[in-house]
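Reading through the structure tokens given below for one structure.
The values are calculated or read from the model by the stated rules, or taken from the named source; none is laboratory data. Please read all numbers here as calculations on a predicted model, not as lab measurements. Reconstructed Cβ throughout: ideal geometry from the backbone, glycine too, with neighbour counts over all protein chains shown. Surface areas here come from the heavy atoms of the whole protein model, side chains and all, with no ligands, DNA or RNA. Shrake-Rupley method; radii C 1.70, N 1.55, O 1.52, S 1.80 Å.
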Amino acid sequence: MLTTKQKELLLFIHERIKADGVSPSFDEMKEALNLASKSGIHRLIVALEERGFIRRLANRARALEVLKMPDSATPAAPPRGRQAFRPSVVGSQTPQMGRNTIPVLGRIAAGVPITAIQNEVDRVTPPEEYADSDAHYALEVKGDSMIDAGILDGDIVILKRTDSANSGDIVVALIDDEEATLKRLRKKGESVALEAANPAYETRIFGPDRVRVQGRLVALIRKYE
């Protein structure tokens, strides 16, 4: 039997993973449950883990997986009009003749922004649904600010070419036409927030004229040694 707060937190985590593909941060959970401190969230998570409702994923800070739901819980459906981000992770592949490839346009910062997107430096073979090079491109991730979203240093991220995104999407954002970074985009009134998925990094807030979306994350390729 779960307490009201335990059930409320479990539902919130479940709905966020269903909508975004990643678990919420402790700050988001604290705000959603109207608790005064993150220590209260920690106690609830430990209780849910001990009861077998969730588990914490190894090597991914604050990354949670919902294992089961209480019988009386009815999870809410994902928001209409929004495609949930569920990254397709595949092993690295050598481009093959006869298979579609897409360009790797340099490195993208998942940390402090670095130089903007460069020219093509390589090509990769993505999952078939993302193999249209007119619609997609790839970047190598540099940094650890998105580790809670399952995006690690050295990953190759696959991006859909677009200049627009919904609040909550993970995007390539070009700041002041000079620096590019991979972050979760949040729309806050007239401002745009670029949010990391690592508590070591602060959320940065800009005026709408300072940030341009260059692509939306749809998948990633991970290299295995």
Residue list for the stretch 1-40, restricted to those being free of Cβ contacts under 8 Å to residues at least 24 places away in the same chain and closer than 14 Å to residue 65 by Cβ: 16, 24
Positions within the stretch 151-176 being more than 14 Å from residue 108 (Cα to Cα), in contact (Cβ under 8 Å) with a residue 40 or more places away in the chain, part of a loop (DSSP other than H, G, I, E, B) and not hydroxyl-bearing (Ser, Thr, Tyr), in sequence order: 161, 163, 165, 166, 168, 169
Failed criterion for residue 206 (all others in (1) under 24 Å from residue 25 (Cα atoms); (2) surrounded by 20 or more Cβ atoms within 10 Å (Cβ to Cβ); (3) aromatic (Phe, Trp, Tyr) hold): (2)
Verdict on residue 216 being modelled with pLDDT of 90 or more, surrounded by 14 or more Cβ atoms within 10 Å (Cβ to Cβ) and over 20 Å from residue 23 (Cα atoms): no
Hits in the stretch 114-141 - residues which are open to solvent by 30 Å² or more (accessible area, probe 1.4 Å) and either at pLDDT 90 or above or not in a loop (DSSP other than H, G, I, E, B) (or both): 114, 115, 122, 123, 128, 129, 130, 140
Residues that are without any contact (Cβ under 8 Å) to a residue 40 or more places away in the chain, open to solvent by 20 Å² or more (accessible area, probe 1.4 Å) and among the small types (Gly, Ala, Ser), drawn from the stretch 177-203: 189, 191
Residue among 174, 182 that is at pLDDT 90 or above and under 12 Å from residue 214 (Cβ atoms): 182
The one condition in (1) touching a His at 6+ places or on another chain (Cβ under 8 Å); (2) closer than 22 Å to residue 65 by Cβ that residue 155 fails to fulfil: (1)
Matching residues, the stretch 23-34, being open to solvent by 50 Å² or more (accessible area, probe 1.4 Å) and touching a helix residue (DSSP H, G or I) at 6+ places or on another chain (Cβ under 9 Å): 27, 30
